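Undergrad: Below: one structure in structure tokens.
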Amino acid sequence: MSTARSIEDVEKLLADQRYVADRDLAVTIFLALALEKPLFLEGEAGVGKTEVAKVLAAGLGRRLIRLQCYEGLDVSHALYEWNYAKQILHIRLAESRAKADDGAGVEREIFSPSFLIKRPLLQALEITEEGDPAVLLIDEIDRADEEFEAFLLEILSDFQVTVPEIGTFSAKQRPIVVLTSNRTREVHDALKRRCLYYWIDYPNIEREASIVTSKVPGVDERLAHEASAYVAALRSEPFFKVPGIAETIDWAAALVALGKTSLDERTVAETIGCVLKYQEDVRRARDTNATARFEQSRRAARA
Ligand SMILES: Nc1ncnc2c1ncn2[C@@H]1O[C@H](COP(=O)(O)OP(=O)(O)OP(=O)(O)O)[C@@H](O)[C@H]1O
Ligand SMILES: [Mg+2]
């Protein structure tokens, strides 16, 4: 297992995993690791929040355990549930072997660990029993209900869980926890208070071009800058869904596949579907200010 003992270690880890980060983000990650506090990352779609958890797991050689949040997510899907089908089967088998008179024994058996389905939170607590703590990614917490948030608060306070029929699972070492939110609603202060908070902004053109260069093999530096500048221009307009970094990366890869080393207005029109995914947005990009936007992004790319 690797560790990150300094901010420079974190910067190196991120760079080795080809994650281009501001120093402030590296400092926040370092503190989250050093203080064993959950890291709360908020930002628009596609700015690299989820990727932080992935690169931390890969860079530290830890297992990544992901809990994807959604409306209606409940404890049975986040923590554990009993394997009902297996329990029924076990009862039937016991009956057929005429063991049913030992009802208490069968009950004990069906509420034992081999009938427990461990969901991500329990897996993350348990994993330290065998080895290094996991990286627990609680992705898009803003999509879960508020009751779930309250429950999560408890887990993140104690890092232990009691299954009444079995006993208490307690993490010997705390997992590294990364929570993300797209801010579709505000997450409660009580939860945020337990975490180190960082807002990931869209990168500036220079940084986005470095991301593109590190992620797209064979991309021309000029093309990386021009595509990033064009995407930055799109982001300043009221589109229904503005592109994230993943779209810039996909677009640059498409442009490379077309043999481009720089951007021209016609190519933009032909490939805009790599960056804008709603018909109204595509129409707006083509019909409103297309030339002015292109020229402006050209100047910005050269700046
Ligand atoms: N700073 C970065 N360095 C390198 N790659 C990045 C960076 N930020 C984003 N990416 C790339 O952009 C893609 C999108 O990132 P990610 O999925 O982490 O975004 P997100 O913020 O979680 O988005 P969403 O809110 O839609 O889930 C990833 O595939 C990642 O490769
Ligand atoms: Mg994400």
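Undergrad: Out of region 32-99, which GluC sites (Glu not before Pro) are coil in DSSP terms and have no more than 14 other C-beta atoms within 10 Å?
TA: Passing sites in region 32-99 are Glu36, Glu71.
Undergrad: Let me ask you something else. Return the loop-located trypsin sites (Lys or Arg not before Pro) in region 1-109 (DSSP other than H, G, I, E, B) with at most 12 other Cβ atoms within 10 Å of their own Cβ; answer none if there are none.
TA: Qualifying residues, ordered by number: Arg5, Arg97.
Undergrad: What number, in percent, do you get for the relative contact order of the chain if the mean sequence gap of Cα pairs under 8 Å and at least 6 apart is divided by its residue count?
TA: 21 percent
Undergrad: If you don't mind, there's one more thing I want to ask. How much accessible area does Phe151 have with a 1.4 Å probe, in Å² rounded to the nearest 10?
TA: Answer for Phe151: close to 40 Å² accessible.
Undergrad: Run the numbers on region 205-302 and let me know its relative contact order in percent, using alpha-carbon pairs under 8 Å that are six or more apart.
TA: Value for region 205-302: 35 percent.
Undergrad: Also, quick follow-up: Could you check what % of the DSSP bridge pairs in the chain are antiparallel, to the nearest 5?
TA: For the chain, the DSSP antiparallel bridge percentage is about 30.
Undergrad: Simple spin-label model, 7 Å along Cα-to-Cβ: Thr168 to Glu221 in nm?
TA: Each label point lies 7 Å from its Cα, and together they span 5.8 nm.
Undergrad: Applying the Karplus parametrisation 6.51 cos²θ - 1.76 cosθ + 1.60 with θ = phi - 60° to the phi angles of region 298-303, what ³J(HN,Hα) value in whole Hz is obtained for each residue in order, glycine and proline being reported as x?
TA: Each residue of region 298-303 in turn: 4, 5, 5, 5, 7, 5 Hz.
Undergrad: So what are the radius of gyration and Dmax for the Cα set of region 205-302, in Å?
TA: Looking at region 205-302, its Cα Rg and Dmax stand at 11.9, 33 Å.
Undergrad: Additional query: Find out how many positive minus negative residues lie around Val75, taking Lys and Arg as positive, Asp and Glu as negative, among other residues whose Cβ is under 13 Å from that of Val75.
TA: Taking every Cβ under 13 Å from that of Val75, the sum is -4.
Undergrad: Could you give the length gained on full extension between Asp145 and Thr261, defined as 0.36 nm per residue of separation minus the Cα-Cα distance, in nm?
TA: Full extension from Asp145 to Thr261 adds 37.1 nm.
Undergrad: Normalised by the empirical 2.2 N^0.38 Å for globular proteins, what value does the Cα Rg of the chain take?
TA: So the Cα radius of gyration is 1.26 times the expected 2.2 N^0.38 Å.
Undergrad: Here is the link list: Lys12/Lys192; Lys118/Lys215; Lys86/Lys192; Lys172/Lys241. Which ones come out longer than 32 Å on Cα distance?
TA: Listed pairs above 32 Å: Lys118/Lys215; Lys86/Lys192; Lys172/Lys241.
Undergrad: Give, as a single signed number, the net charge of other residues whose beta carbon lies under 12 Å from the beta carbon of Ile245, with Lys and Arg counted +1 and Asp and Glu -1.
TA: -2
The values are calculated or read from the model by the stated rules, or taken from the named source; none is laboratory data. As the structure is a computational prediction, the values presented were derived from the model and not from experiment. Cβ atoms come from the backbone with ideal geometry, glycine included; neighbour counts cover every protein chain shown. Remember, those area values only see protein heavy atoms, side chains included, never the ligands or the DNA or RNA. Shrake-Rupley method; radii C 1.70, N 1.55, O 1.52, S 1.80 Å.
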